[in-house]
Amino acid sequence: MNIKTSGLKNTDYKQAIEKLKSKKNAIILAHYYQTNDIQDIADFVGDSLALAQWASRTQADVIVLCGVHFMGETAKILCPEKRVFIPDSDAGCSLADSCPVDQFEAFLAQYPNHTVISYVNTSAAIKALTDVVVTSTNAYQIVESFPKSMPIIFGPDRNLGNYINSITGRNMVLWDGACHVHEQFSIERILELKKTYPQASVLAHPECKSALLKFADHIGSTSSLLKFAVTSPAKAFIVATESGILHEMQKQCPDKLFIPAPPNDSTCACNECSFMRLNTMEKLYRCLRDETPEIIVDETVRQKAEKPIRRMLEISNRLGL
Ligand code: 13P
Ligand code: SF4
């Protein structure tokens, strides 16, 4: 994205954003993987499920979704009457991109009579082909709400799908997609860290490879990892998910030590999602000011995609998630 600088000092963005927000009756929803300053200015910070739940309930006229494109799309699908913006239109998702709609359609045709369960990290077009959407917070419970005998296709994340298969004893047919961030964690380097911090608990997102999940002390969505960190008696944690979550962990547990799990690339100490990190305070300010980039979803696709998302929200609500 080619933008000229706004001329504002970094400290001025906060005030300017607050002003625009109240003028336009806007709400800022941010994912835990956003930069610290964006998390701090957001009205709400949460995981993918919580962002969808907030979007579905808000009275605001405008939603600025500080996250990646599929999160903005989910908000727009749930709130067609509202205007939804994301600070950088290039903030995509390698996992969502690993599932192109024409190929997924051909894949589904090979498995007639299968229920289609899709991770929320998908385009609106994939959701339109789906029976029920899940996030990492509710995937286990939603899969288990179907009879064991029911044939299921699960996509696009093969690691989350494998993990759910392993804990449920199911044999869901999996789409072969993955997230480039969560697949990058180095088991060797995490085990090295364990030697330095033998008491540290390993927290892992289920998008990580199964070899890493095997030795994790807790596996769960970003909100689940956060909850575990807060309630666990452990004092140190090695965190195998995008390092943005460490901001909230450290805020809620100032006396505990959080160590970002290192990726395979030894030149970097932590693992950041390059898409999530495209959003900045300056882009957030400009997006509110100029009302662009806006999330637009084709109405026919939107109507089809809304059903499996609403189904997810209803089941989650029933289960108290
Ligand atoms: P959750 O927000 O469900 O933990 O998922 C993480 C993720 O990969 C978002 O892109
Ligand atoms: Fe997508 Fe992975 Fe980035 Fe999440 S961390 S937005 S799954 S690329």
**Prompt:** Given +1 on the Cβ of Lys and Arg, -1 on the Cβ of Asp and Glu, and no further charges, what dipole in debye does segment 33-140 carry about its Cα centre, rounded to the nearest 20?
**Reply:** 300
**segment 117-219, dipole about Cα centre (Lys/Arg Cβ +1, Asp/Glu Cβ -1), debye to the nearest 20** = 160
**Fill in**
Using the Cα gyration tensor of segment 110-149, the equivalent ellipsoid's semi-axes, largest first and to the nearest Å, work out to 17, 16, 6
**Asked** Given a cut-off of 16 Å, what percent of all Cα-Cα pairs of segment 153-202 lie beyond it?
**Response** 55
**Asked** Spin-label point model (7 Å from Cα, Cβ direction): what's the ARG57 to THR196 distance in nm?
**Response** 4.0
**Request:** Give me the compactness ratio for segment 223-321, meaning the Cα radius of gyration over 2.2 N^0.38 Å.
**Result:** 1.48
**Prompt:** Which percent of Cα-Cα pairs in segment 44-87 sits in each 5 Å bin, short to long?
**Reply:** 5, 27, 42, 23, 3
**Prompt:** Given +1 on the Cβ of Lys and Arg, -1 on the Cβ of Asp and Glu, and no further charges, what dipole in debye does the chain carry about its Cα centre, rounded to the nearest 20?
**Reply:** 680
**Message:** Compute the orientation-averaged projected area for the chain from the convex hull of its Cα atoms and round it to one decimal in nm².
**Reply:** 17.0
**Prompt:** Rounded to two decimals, what is Rg over Rh for segment 252-294 when you use alpha-carbon atoms and the Kirkwood radius?
**Reply:** 1.18
**Message:** Please compute the Kirkwood hydrodynamic radius of segment 203-274 from all pairs of different C-alpha atoms, in Å with one decimal.
**Reply:** 12.4
**Message:** Which one, ILE187, SER123, PHE154, projects farthest toward the positive side of the charge dipole computed for segment 119-196 from Cβ point charges (K/R +1, D/E -1)?
**Reply:** ILE187
**Given LYS24/LYS127; LYS148/LYS214; LYS24/LYS82, the pairs whose alpha carbons are separated by over 19 Å** = LYS24/LYS127; LYS148/LYS214
**Asked** Over the chain, what is the relative contact order in whole percent, taking alpha-carbon pairs under 8 Å and six or more residues apart?
**Response** 23
**Prompt:** Put +1 on the Cβ of every Lys and Arg and -1 on every Asp and Glu Cβ in segment 1-135; which of ILE28, ALA16, ALA55 then has its Cα farthest towards the positive end of the dipole?
**Reply:** ALA16
**Asked** When the chain is treated as a GNM, springs tying every alpha-carbon pair under 10 Å, which of LEU212, LEU203, LEU108 comes out with the largest mean-square fluctuation?
**Response** LEU108
**Asked** Cα convex hull of segment 121-204: how many Å³ per residue?
**Response** 119
**Asked** Leaving out same-chain residues fewer than 8 places away, which aspartates and glutamates sit with a Cα under 18 Å from that of LYS283?
**Response** ASP12, GLU18, ASP37, ASP40, ASP43, ASP88, ASP90, GLU291, GLU294
**Fill in**
Short to long, in 10 Å steps from zero, the percent of alpha-carbon pairs of segment 75-181 per bin is 14, 46, 30, 9, 1
**Item:** From the C-alpha gyration tensor of segment 1-131, square roots of 5λ in Å
**Value:** 32, 16, 12
**Item:** Positive-pole candidate from PRO260, ILE309, GLN250, dipole of segment 237-310, charges at beta carbon
**Value:** ILE309
**Asked** Rounded to the nearest 0.05, what FRET efficiency do ASP298 and LEU319 have when you use their Cβ-Cβ distance and R0 = 35 Å?
**Response** 0.65
**Complete:** Whole-percent tail of the Cα-Cα distance distribution for segment 90-139, cut at 15 Å, equals 46
**Item:** Residue among PRO151, PRO100, PRO198 with the largest mean-square fluctuation in a Gaussian network model of the chain, springs linking Cα atoms under 10 Å
**Value:** PRO198
**Request:** Give me the number: length gained by fully extending CYS268 to ALA236, i.e. 0.36 nm times residue separation minus the C-alpha to C-alpha distance, one decimal in nm.
**Result:** 9.5 nm
**Item:** Eligible aspartates and glutamates near LYS304 by straight Cα distance, threshold 17 Å, same-chain separation 8 or greater
**Value:** GLU73, GLU81, ASP102, GLU105, ASP131, GLU314
**Request:** For LYS227 and ASP37, calculate 0.36 nm times their separation in residues minus their Cα-Cα distance, and state this gained length in nm to one decimal.
**Result:** 66.2 nm
**Prompt:** Extension gain GLU291-SER149, at 0.36 nm per residue separation less the Cα-Cα distance, in nm?
**Reply:** 46.3 nm
**Asked** Who wins for biggest fluctuation among ARG189, ARG277, ARG286 in a Gaussian network model of the chain, springs between alpha carbons below 10 Å?
**Response** ARG189
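Rule-based calculations on the coordinates, nothing more; no lab input. From a predicted model like this one, the values you see are computed outputs, not experimental measurements. Cβ atoms come from the backbone with ideal geometry, glycine included; neighbour counts cover every protein chain shown.
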